[in-house]
1. Take the residues in region 124-140 that are of a type outside the set (A, V, I, L, M) and at pLDDT below 90, then tell me which one is surrounded by the most Cβ atoms within 10 Å (Cβ to Cβ).
2. Quick check on this structure: which one of Phe106, Phe131, Phe122 is touching a residue at least 40 places away in the same chain (Cβ under 8 Å) and under 17 Å from Asp57 (Cβ atoms)?
3. Out of everything in region 8-49 that is under 18 Å from Val96 (Cβ atoms), at pLDDT 50 or above and within 16 Å of the chain's Cα centre (by Cα), what residue ends up being surrounded by the most Cβ atoms within 10 Å (Cβ to Cβ)?
4. Which residues, counting only those in region 96-110, are surrounded by 12 or more Cβ atoms within 10 Å (Cβ to Cβ) and at negative phi?
5. Cβ contacts < 8 Å: first residue closer than 19 Å to Pro69 by Cα, restricted to region 83-96; second residue surrounded by fewer than 13 Cβ atoms within 10 Å (Cβ to Cβ), any location; separation 6+ or different chain. Result?
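The values are calculated or read from the model by the stated rules, or taken from the named source; none is laboratory data. Small disclaimer: the values here were computed from a predicted structure and weren't measured. Positions of Cβ are generated from backbone atoms using ideal geometry, with glycine treated the same way; all protein chains shown enter the neighbour counts.
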Amino acid sequence: MKFIIIAISAVLALLVLLYPSNVSALIQTPEETITVTPINEKISLQKTVTVMEIPKDTTLSWGTVKGGPADYAERYPVIIQFFKGDEPSHIAQVKVKGDGSYEYKFRIRNVDQTTGQIVDIFEGKYTVKIFRVIHNTIQA
């Protein structure tokens, strides 16, 4: 299992987008499901599944996925996957800050430099899966 996490992390590291420096916003419903799967006797994989909905007429250029301070296992990044229906549409890997929080900013809209047209990168309803490695709270 450890090999799988390392392999996924390596592949996802190649897919990380550039971090924007502008203000960001996220339109998200409060529905979420959290499951915890043990990896070994010390750490577990916490999976949070939530819904993100980007309206067709949004004027926002940036979106963000963030998590507040929490217990986490050091040296393990947070993996964020976006699905449109059953199809994966975007994957990201972000570092966890010292307090256990994380933040990932991404483009919702862009402007085509040749035509000046606005291009919607994200639009509609997405399932977002967030994976983070945490310490086990119950020791065997």
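1. So the first thing to find is which residues in region 124-140 are of a type outside the set (A, V, I, L, M), and the list is 124-127, 129, 131-132, 135-137, 139.
Going one step further and asking which of them are at pLDDT below 90, we end up with 136-137, 139.
On the way: Asn136: 16, Thr137: 8, Gln139: 7.
Top of the filtered list is Asn136.
2. Working: Phe106 fails: under 17 Å from Asp57 (Cβ atoms); Phe131 fails: under 17 Å from Asp57 (Cβ atoms).
Result: Phe122 is the single residue among Phe106, Phe131, Phe122 that is touching a residue at least 40 places away in the same chain (Cβ under 8 Å) and under 17 Å from Asp57 (Cβ atoms).
3. Among residues in region 8-49 that are under 18 Å from Val96 (Cβ atoms), at pLDDT 50 or above and within 16 Å of the chain's Cα centre (by Cα), the one surrounded by the most Cβ atoms within 10 Å (Cβ to Cβ) is Gln46.
4. Step one: list which residues in region 96-110 are surrounded by 12 or more Cβ atoms within 10 Å (Cβ to Cβ), which gives 96-97, 100-110.
Scanning region 96-110 gives Val96, Lys97, Ser101, Tyr102, Glu103, Tyr104, Lys105, Phe106, Arg107, Ile108, Arg109, Asn110.
5. That search, which allows pairs on different chains as well, returns Gln93/Ala13; Gln93/Leu15; Val96/Glu74.
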